[in-house]
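**Student:** I have a structure here, written as structure tokens, and I will follow up with some questions on it.
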Amino acid sequence: MPDRTPCIAANWKMHKTVAEAGEFVDALLPRIAATQHDVVICPPFTALSAVVERRYGTAVKVAAQNMHEEDSGAFTGEVSAPMLVELDVEAVVLGHSERRQYFGEADEALARKVPAALAAGLEPILCVGESEEARDAGQTEGVLERRLQADLAEVEDDRIAEVVIAYEPIWAIGTGRTATPEQAQEACAFIRDVLRERGAAADAVRILYGGSVKPANAAELLSQADIDGALVGGASLDPEEFAQIVESA
Ligand code: PEP
């Protein structure tokens, strides 16, 4: 089975000014100096450069939280993949449930964004997850399968292993409710099976869990066979808490 380097990503959402981002990175770097994992920070667009400049020569990668599928054009307020690459950004979060819920991010757009990110040399971190209603109705697997099929429809099979998938049950995001390690493992294993059916090198795909990950629950979640890391929201805003999560992976 291929080695999957654990990946711990900090999704800051709409938090941190440039000054605050700089303080965070300065506090984080000495705490994670020995890590062998991929550590990814996802700041707002305005703080990308500040984080990029401070992390040169470290294990930290930088990801944007969204991008447009076109390289340029009349799309007011949007940012494209080549613009991110120019800043030395290496990855991009796509399809976060907050973007799907509040900004109408649709599978049709994601089906274009994922290949556009890959074409530009960005590592896409594609988020998929079910609502509480879907879970209660026994539709978790159906939702995950539909999203994966739709959002990865235009990605060639031999490039799917370059996509990081984040399993983020919507009911666990920012709620303090965490999926049990068994629930998270079951969903991540299912995601891997769906990718395998697509003909992808599914064992090489990194699958992260996201949803109220904290220092207290990280180790157990991250020890599951099909969970290769975490996408962390609230607990990633504090360098000490985030460093503890990186350490527990
Ligand atoms: C997220 O924003 O992707 C997330 C998982 O948030 P939280 O850790 O706060 O639940």
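**Student:** Within segment 55-73, work out how many residues are in a loop (DSSP other than H, G, I, E, B), touching a residue at least 12 places away in the same chain (Cβ under 8 Å) and under 30 Å from Ala106 (Cα atoms).
**Tutor:** The total comes to 6.
**Student:** Determine whether Gly211 is within 12 Å of Ile8 (Cα to Cα), open to solvent by less than 50 Å² (accessible area, probe 1.4 Å) and within 16 Å of the ligand (Cβ to nearest atom). Before you say what the answer is, go through the steps one by one.
**Tutor:** Numbers: within 12 Å of Ile8 (Cα to Cα): no; open to solvent by less than 50 Å² (accessible area, probe 1.4 Å): yes; within 16 Å of the ligand (Cβ to nearest atom): yes.
So Gly211 fails the test.
**Student:** Let me ask something additional. Could you tell me which residue of segment 231-244 is surrounded by the most Cβ atoms within 10 Å (Cβ to Cβ), considering only residues that are more than 10 Å from the ligand (Cβ to nearest atom) and closer than 17 Å to His37 by Cα?
**Tutor:** The qualifying residue surrounded by the most Cβ atoms within 10 Å (Cβ to Cβ) is Phe242.
**Student:** Here is a further query. How many of the residues making up segment 7-49 are open to solvent by less than 40 Å² (accessible area, probe 1.4 Å) and touching a helix residue (DSSP H, G or I) at 6+ places or on another chain (Cβ under 9 Å)? Lay out the reasoning, then the answer.
**Tutor:** If we filter segment 7-49 for residues that are open to solvent by less than 40 Å² (accessible area, probe 1.4 Å), which is where we start, we get 7-12, 21-22, 24-25, 27-29, 32, 35, 37-44, 47-48.
Within this subset, residues satisfying the condition of being touching a helix residue (DSSP H, G or I) at 6+ places or on another chain (Cβ under 9 Å) are 8-12, 21-22, 24-25, 27-29, 32, 35, 37, 39, 41-44, 47-48.
Residues in segment 7-49 being open to solvent by less than 40 Å² (accessible area, probe 1.4 Å) and touching a helix residue (DSSP H, G or I) at 6+ places or on another chain (Cβ under 9 Å): 22 in total.
**Student:** Please go through segment 59-89 and give me each residue that is out of contact with any Asp or Glu (no Cβ under 9 Å at 6 or more places or on another chain), under 28 Å from Leu28 (Cα atoms) and open to solvent by 60 Å² or more (accessible area, probe 1.4 Å), ordered by number.
**Tutor:** Within segment 59-89, Glu86, Leu87 qualify.
**Student:** Something else now. For segment 35-45, does any single residue satisfy the condition of being farther than 23 Å from Pro124 by Cβ, at pLDDT 95 or above and among the acidic types (Asp, Glu)?
**Tutor:** Within segment 35-45, not a single residue is farther than 23 Å from Pro124 by Cβ, at pLDDT 95 or above and among the acidic types (Asp, Glu).
**Student:** May I ask you to verify whether Pro115 is within 16 Å of the ligand (Cβ to nearest atom), modelled with pLDDT of 95 or more and of a type outside the set (Ser, Thr, Tyr)? Lay out the reasoning, then the answer.
**Tutor:** Values: within 16 Å of the ligand (Cβ to nearest atom): no; modelled with pLDDT of 95 or more: yes; of a type outside the set (Ser, Thr, Tyr): yes.
Criteria not met by Pro115.
**Student:** Among the listed residues Asp228, Asp203, identify the single one that is more than 15 Å from the ligand (Cβ to nearest atom), exposed (fewer than 15 other Cβ atoms within 10 Å of the Cβ) and more than 17 Å from Arg147 (Cα to Cα).
**Tutor:** Testing whether each residue is more than 15 Å from the ligand (Cβ to nearest atom), exposed (fewer than 15 other Cβ atoms within 10 Å of the Cβ) and more than 17 Å from Arg147 (Cα to Cα) leaves just Asp203.
**Student:** While we're looking at this one, here's another question. Would you confirm whether any residue within segment 166-178 is open to solvent by less than 10 Å² (accessible area, probe 1.4 Å) and away from the ligand (no atom under 14 Å from the Cβ)?
**Tutor:** No, because not a single residue in segment 166-178 is open to solvent by less than 10 Å² (accessible area, probe 1.4 Å) and away from the ligand (no atom under 14 Å from the Cβ).
The values are calculated or read from the model by the stated rules, or taken from the named source; none is laboratory data. This structure is a prediction, so every number in the text was calculated from the model and none was measured. Note that each Cβ is placed from the backbone with ideal geometry, even for glycine, and that neighbours are counted across all protein chains shown. Heads up: the accessible areas ignore ligands, DNA and RNA and are worked out on the full protein's heavy atoms, side chains in. Shrake-Rupley method; radii C 1.70, N 1.55, O 1.52, S 1.80 Å.
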